[in-house]
Structures are given as structure tokens and as C-alpha cells.
1. Tyr48 fails exactly one of the following numbered conditions: (1) over 10 Å from the mean Cα position of the chain (by Cα); (2) not in a loop (DSSP other than H, G, I, E, B). What is the number of that condition?
2. Looking at the stretch 55-91 only, could you name the residues that are over 14 Å from the mean Cα position of the chain (by Cα), charged (D, E, K, R) and modelled with pLDDT under 95?
3. Give the number of residues within the stretch 88-102 that are more than 14 Å from Glu59 (Cβ to Cβ) and either surrounded by 15 or more Cβ atoms within 10 Å (Cβ to Cβ) or of a type in the set (S, T, N, Q) (or both).
4. Collect the residues in the stretch 1-28 that are in a helix (DSSP H, G or I), touching a residue at least 12 places away in the same chain (Cβ under 8 Å) and not β-branched (Val, Ile, Thr), keeping them in residue-number order.
5. Name the single residue, out of those in the stretch 45-102 being among the charged types (D, E, K, R) and touching a residue at least 40 places away in the same chain (Cβ under 8 Å), that is farthest from Leu15 (Cα to Cα).
6. Any residue in the stretch 42-58 that is on the phi > 0 side of the Ramachandran plot and loosely packed, with under 13 Cβ neighbours inside 10 Å?
7. Would you check which residues across the stretch 1-41 are surrounded by 12 or more Cβ atoms within 10 Å (Cβ to Cβ) and among the basic types (Lys, Arg) and list them?
8. Anything in the stretch 29-45 that is hydroxyl-bearing (Ser, Thr, Tyr) and either over 16 Å from Gln68 (Cα atoms) or part of a helix (DSSP H, G or I) (or both)? List them, or say none.
Amino acid sequence: MAKDEAEEAARRNELIISLLGRIAFKNDELKAIVTKGSKKPNQMMRAYNLCDGATGVTEIARKVGVAQPSLTNAIDKWERLGIIFKKKKGKEVLPLRLFEIE
């Protein structure tokens, strides 16, 4: 498969994931799941929205002002709950959200 075809397939898969996420969760439900139990709910919601499948965990944590280990724990929890998909590039984790919370 050529690089352009692989990128096209990846974009298509991300769109399907987003559409299925919107069917499974309403915006408010997803927001409640992401922020539940967090001491910094606004930062966690911003962090979730930055999970675009291209940005690493350390960079997301820096951008929203949370400790990287705390965000890693949240991302692990979100993955168990089925609201995020962890892509990998080498050893780097690139989390991908279902859809952006409004």
C-alpha cells in the first residue's frame, strides 16, 4: 500500500471512530466521563480535546498544565473506558479521542 493510500485509510478510520463515538456518547456524557474524579476537570477536558492522534502525551500535559504522570493515568483510564485509542510512534504514545468535547 502506497503512503498516500495508507494516510487516506488512516483518515477514513479516524472519521469512522469519531462517528461511532458520537453515536455511542452524547457530548455531555463524554464530558462527564473525562472529568469524573479529576482535581483539574477543565484541564483534563482540554487535554482530551488535544488528543488528536498526532500529539504526544508529554506535549499535551505541558500545554494544559498537568503533570505528565497524571495525564498518562487518565489516558489509561480513558482507554479502558473505550473513549480513546492509543496510537504509537516508536515508544511515543499518540492518543486519539473519539470527538472533540464542546
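1. (1)
2. So the first thing to find is which residues in the stretch 55-91 are over 14 Å from the mean Cα position of the chain (by Cα), and the list is 62-63, 65-70, 89-91.
Filter once more, so that each one left must be charged (D, E, K, R): 62-63, 89, 91.
Correct list: Lys89, Lys91.
3. If we filter the stretch 88-102 for residues that are more than 14 Å from Glu59 (Cβ to Cβ), which is where we start, we get 88, 90-91, 96-102.
If we keep only those that are either surrounded by 15 or more Cβ atoms within 10 Å (Cβ to Cβ) or of a type in the set (S, T, N, Q) (or both) as well, we get 96-99, 101.
Number satisfying all stated conditions: 5.
4. Passing the criteria: Glu14, Ser18, Leu20, Gly21, Arg22, Ala24, Asn27.
5. Among those residues, the one meeting the criterion is Glu102.
6. no
7. Arg22, Lys31, Lys40 - these are the residues of the stretch 1-41 that are surrounded by 12 or more Cβ atoms within 10 Å (Cβ to Cβ) and among the basic types (Lys, Arg).
8. The answer is Thr35, and nothing else.
The values are calculated or read from the model by the stated rules, or taken from the named source; none is laboratory data. Every value quoted in this text rests on a predicted model; they were computed, and no experiment measured them. Note that each Cβ is placed from the backbone with ideal geometry, even for glycine, and that neighbours are counted across all protein chains shown.
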